[in-house]
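Here, each number is a calculation from the coordinates, and none is a lab measurement. Since this is a predicted model, take the numbers as computed values, not measurements. Cβ placement follows ideal geometry from the backbone for every residue including glycine, while neighbour counts extend to all protein chains displayed.
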Amino acid sequence: MSPKFFLNLILLFTTSVVFSQEDLYTSFTIPEDLKQNANAVIRYSSVNIELKSWDNMEVTEKRVITVLNEGGNRNIDAYVGYDNTTKIKDLEVLVFNNFGQEIKKIRKNDFKDVSAVSGGTLYSDSRVKYLEYTPISYPYTIAYTSVVSTSNTAFIQSFMPLDSYYLSVEKSRYTITHPKHLIIRKKEKHLQGLNIEKEESPGKLSYIVKNIKPIKPESYSPLFRNIVPRVLVALNEFSLEGVASKVENWNDFGKWMYHDLIKDTHDLPESTITMIQNLVKDEPTDIDKAKKIYKYVQDKTRYISVQVGIGGWKPFNASEVDKLGYGDCKALTNYTMSLLNAAGVKSNYCVVYGGDDIMSLEEDFASMQGNHVFLNVPNGDENIWLECTSQKVPFGFIADFTDDRDVLVVTPEGGTIIHTKKYNPDESLQTIKGFFSIDNDGSINVKTTISSKGLQYSDKLRLDSETERDLDSHYKERWDYINSISINEMHINNDKNNIEIIEDISFSANSFTKIIGNRMLFTINALNRLTDIPDRYRKRNAPLKIERGFKDVDEVEIKLPVSYKVEALPKDQSIETKFGNYKTKIEVKDEVTLIYKREFTVNDGEFPKEDYTKFREFCKAVLKQDNSKVALIKK
């Protein structure tokens, strides 16, 4: 018999044994529909949360995950955090090859042990142990076990069986047990259509789900966490670093935060109070006073992360920030609030999910949520929001980090959920006033002024601190559809009073046009073309989500080469859809001058998945018109 026959016989025998034992440690037993479009498969996951009392919790986690390819390594999630109040009782990983044979055992002391926060943090009492493992082949399987005990019961791990794209789930179990006198609140999200078992009885809450197929990411879709199954859980009575609280709603939550975490930190020195009062004594309104104090904070302080204290939630005392000149978001927000109080200006500490992605607090479910704090200044019927960690952001400007989302406003009387400012397309306006001339050899010389407001201001805020070299690269990349650009002049003006970035740019480029015989062709939109079309999907699964809208208004004067005259011009265009509008107009000023006008608006909103194709067609139509050509012929 041949060696190949013996090898096949061994493989067949091994596979038969694996299947007969229903082994989770090999990929052979994974259903095909769970492997399709998956980088990894959670074979079995169990989270058991035992609430022994309002200030004593033990979490046991067991997870078996088969990693199918390199992309699945990120789904192992073999890590656990700890600090002075959270202790690791057990931590272990077993590694199996594709035949289910154990090839490595990693114990608690073999895990990497690092600070739980980034290098930008001054100091922290939080650490994390994590697995560092380099696979020798794929697929392979990880069996992870951890047991953690903590006196902090403010944060209860939610049930989120699917936490990543390209990941599938064979079976996931989640159980909470607790004394019957403790009240557990829960909020279920997106559980419809799942193969799910649920048990709810006095002292116990349990979920089991099976066979969740992987999700592929799609352009212009809602946030992942807003489309996958989740169960949020919170205790009415909990402990945070030994501080007890009883919370049923956001009003209770805000009252607890103010009186137990914030109230005793407003301890400015008398000298600082006097200085601030003198600083603003001639300002006519509270808003004028707030502007002056905000600038004072920007000039005096800098942001640095400090993750100590009550779970990273209690701000440092205002006196410490006043002395040191730095702090994290909690400390700087609280410091600004203290200075405003000294000047008699009311302000409120606010909790938010900060970030480019718009994510709101759960309005109907009070619990420890959010990753950032900032400041609210009531002003009649409007609210002014202050980002206290930035030395560059203008007073009252919050675009693309804390805009358009539900936040918790904390007051002595309690907490209230309020929605922050939403920037509509007309506010997020970019205007271009440009000029370019075309020489007989096809080269161009361009001068343009670009003004950006709202969200488009936010996109360009970094430009006024860039080096000349980085700016040069930025503009060459911005107009990368024009070959051989040479940037001649660049001037950036950040007008913080009007919250407007103004760019004055001039550049030249060879071979902008295409010369064929006695004709010259060039694209009329030289300065602001749409260059990308959203991806095409044969079967769209997610709704269409356009998070933020904007508006562009362009007017460009074009000087034609003296040896040519116009042979053909693109037709004026007007496209109107629910996703946005587009229109162009070309005016012939004289025989050597054209005026090109363009308006392009994109509306934010969420639309049914069936609308995605129409949105893509709108983008394609805009791209096509942005590449319209002018034909010139020699005189």
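Plainly put, region 311-398 has a radius of gyration that is 0.96 times its Kirkwood radius, both from alpha-carbon atoms, as the Rg/Rh ratio.
Working from label points 7 Å from Cα in the Cα-to-Cβ sense, the GLU92 to ARG462 distance is 4.6 nm. Look at the dipole of the chain built from charges on Cβ: of ILE142, SER428, PHE512, the Cα furthest out on the positive end belongs to ILE142.
Using R₀ = 25 Å, calculate the FRET efficiency as 1/(1 + (r/R₀)^6) where r is the Cβ-Cβ separation of ARG529 and LYS433; round to 0.05. The pair ARG529/LYS433 has a calculated efficiency of 0.90. Computed from the Kirkwood radius of its Cα pairs, the Stokes-Einstein diffusion coefficient for region 25-240 at 10 °C and 1.306 mPa s stands at 86 µm²/s. Per the Debye formula on identical point scatterers at the alpha carbon atoms of the chain, with no solvent, log10 I(q)/I(0) at q = 0.05, 0.08, 0.10 Å⁻¹ is -0.33, -0.79, -1.10. What angle, in degrees between 0 and 90 and rounded to the nearest 10, separates the Cα long axis of helix 3-20 from the longest principal axis of the Cα atoms of the chain? Around 70 degrees separate the two axes. For LYS589 and GLN36, the difference between the fully extended length at 0.36 nm per residue and the C-alpha to C-alpha distance is 193.1 nm. Extending 7 Å from the Cα toward the beta-carbon at both GLU199 and ASP113 defines two label points whose distance is 3.7 nm. Peptide packing: for 588-597, 330-339, the average count of neighbouring Cβ atoms within 10 Å per residue gives the ranking 330-339, 588-597, highest mean first. Which log10 I(q)/I(0) values does region 331-471 give at q = 0.12, 0.19 Å⁻¹ under the Debye formula, counting every alpha carbon as one identical point scatterer? Each listed q corresponds, in turn, to -0.60, -1.17. Would you mind checking the tilt of helix 286-300 against the longest principal axis of the Cα atoms of the chain, expressed as 0 to 90 degrees and rounded to 10? Its long axis makes an angle of about 80 degrees. Judged by the mean number of other Cβ atoms found within 10 Å, the most tightly packed of the peptides 142-155, 350-363 leads the ranking 142-155, 350-363.
Cross-link partners for LYS171 among the lysines, with Cα-Cα distance under 22 Å and sequence neighbours closer than 8 places in the same chain left out: LYS35, LYS62, LYS186, LYS187, LYS189, LYS198, LYS204, LYS210, LYS213, LYS216.
Dipole of region 256-390 computed with +1 at Lys/Arg Cβ and -1 at Asp/Glu Cβ about the Cα centre; of ASN317, THR274, VAL373, farthest Cα towards the positive end is THR274. Computed over region 418-492, the P(r) tail beyond 19 angstrom holds 48 percent of alpha carbon pairs.
Seen against the Cα atoms of the chain and their longest principal axis, helix 612-626 is set at about 30 degrees. For region 557-624, the orientation-averaged shadow of the C-alpha convex hull comes to 5.3 nm² (one quarter of the hull surface). Rounded to the nearest 20, the size of the Cβ-charge dipole of region 25-240 about its Cα centre is 240 debye, with Lys and Arg at +1 and Asp and Glu at -1.
Seen from all directions on average, region 422-550 presents a Cα convex hull projection of 11.0 nm². Considering only ASN73, SER221, ALA40, whose Cα is most displaced toward the positive end of the charge dipole of region 25-240, charges sitting on Cβ of Lys, Arg (+1) and Asp, Glu (-1)? Selected residue: SER221. Considering only the Cα atoms of region 141-181, their convex hull presents on average a projected area of 4.7 nm². For a paramagnetic label modelled at 7 Å from the Cα of ASP23 toward its Cβ, which residues of region 66-97 fall within the zone defined by backbone nitrogen distances under 19 Å? Under 19 Å, as judged by backbone N against the label point of ASP23, lie 66-69, 93-97 of region 66-97. Computed on the Cα trace of region 247-419, the radius of gyration divided by the Kirkwood hydrodynamic radius gives Rg/Rh = 0.94. The mean of 1/r over all distinct Cα pairs in region 429-634, once inverted, gives the Kirkwood hydrodynamic radius of 18.5 Å. Structure note, pairs LYS447/LYS634; LYS496/LYS585; LYS289/LYS496: Cα-Cα distances above 22 angstrom occur for LYS447/LYS634; LYS496/LYS585. At an R0 of 25 angstrom, the distance between the Cβ atoms of TYR44 and GLU606 translates into a FRET efficiency of 0.10. The dipole here belongs to the chain: it is taken about the Cα centre, uses +1 on the Cβ of Lys and Arg and -1 on the Cβ of Asp and Glu, and is about 1780 debye. Taken about its Cα centre, region 247-419 carries a charge dipole of roughly 820 debye when the Cβ of each Lys and Arg holds +1 and the Cβ of each Asp and Glu holds -1. What shape does region 109-221 have by the C-alpha gyration tensor, where a ≥ b ≥ c are the square roots of the eigenvalues, rounded means a/c under 1.5, and otherwise prolate means a/b greater than b/c and oblate the rest? Cα axes put region 109-221 in the oblate bin.
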